[in-house]
Amino acid sequence: MDATLPTQDLGGAEAPRFAGAATRLRAMAFDLLVIAGCAGGAGVVAWAGRLLGMRIESPAGLDTLAFLTLVLPVLVTFAAQEASPRQATYGKRRMGLRVVDAADARLTFPRAMGRSAAKFAPWQLAHTAVFNLMADSTSTGFVVLSIAAQLLVVVSVVSMTVDREHRALHDWVAGTRVVAGTT
């Protein structure tokens, strides 16, 4: 089901139309290209560090490096794009979508940053779990953390699919909507 629904009757004005789950997932597929570029950059940083003799072995050190070179740049990039006049990441622009607040207005950068943080929190939790499980594969707490991160993604996709306005968990947290059409 990829139908869009009007939000409300605006007395003759065209109401924003909520982007369907399938369209949003296709937009995320395009956004994965941006993330892959950031991952390539993070890989170059890690490779250069090794050439310079830097060795990070601890789970906390690896997790921090991944956060600083990959997760944080992606968070800031997505937030900046969604707070921009285009109101959309690369993938959302490709699919003709934009992110708005409950009043159909452009997001402030802090709100967009909160949305991105909520969106990518499971990714960061998974990194934390994996780096710690590499050091101690018997740690029940990090196995649970890994499962919780995966469940958050599943619940978010289910929410986006069944919610009337196709809101994912990060939309609920940030009070945002993804709508079809440009500004």
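Computed from the coordinates by the stated procedures, all read-outs in this text should not be read as laboratory data. None of these values were measured; they are calculated from a predicted model. Heads up, the Cβs are rebuilt from the backbone with ideal geometry, glycines too, and the neighbour counts pull from every protein chain shown.
Please report, in Å, the Rg and the Dmax of the chain, where both are computed over Cα atoms only.
Answer for the chain, Rg first and Dmax second: 18.3, 66 Å.
Expressed as a rounded percentage, what relative contact order does the chain have, with Cα pairs under 8 Å and six or more residues apart?
Details: 250 pairs, mean separation 50.5, N = 183.
Relative contact order of the chain: 28 percent.
So for the pair L25, F109, with labels modelled 7 Å out along Cα→Cβ, what separation do we get in nm?
For L25 paired with F109, the spin-label model returns 3.5 nm.
Of S156, T128, G141, which is farthest along the charge dipole of segment 24-173 in the positive direction, counting Lys and Arg as +1 and Asp and Glu as -1 at C-beta?
So the residue furthest toward the plus end is S156.
What value, in deg cm²/dmol to 500, does the helix sum -39500 (n - 2.57) over DSSP H runs of n ≥ 4 give at 222 nm once divided by the residues of the chain?
Values: 7 runs with 112 residues, N = 183.
When only DSSP H runs of four or more count, the value is -20500 deg cm²/dmol.
Just the number, please: Stokes-Einstein D of segment 37-96 in µm²/s, Kirkwood Rh from C-alpha pairs, 25 °C, 0.890 mPa s.
Calculated translational D: 188 µm²/s.
Could you check the simple spin-label distance between T161 and S137, using points 7 Å along Cα→Cβ, in nm with one decimal?
3.2 nm
May I ask for the Rg/Rh ratio of segment 117-174, computed from Cα atoms with Rh as the Kirkwood radius, given to two decimals?
1.10
To the nearest 10 degrees, how steep is helix 109-135 against the longest Cα principal axis of the chain, on a 0 to 90 scale?
Between the helix axis and the principal axis of the chain, the angle is about 30 degrees.
To the nearest 10 degrees, how steeply does helix 21-51 sit against the main Cα axis of the chain, on a 0 to 90 scale?
Once rounded, the angle reads 30 degrees.
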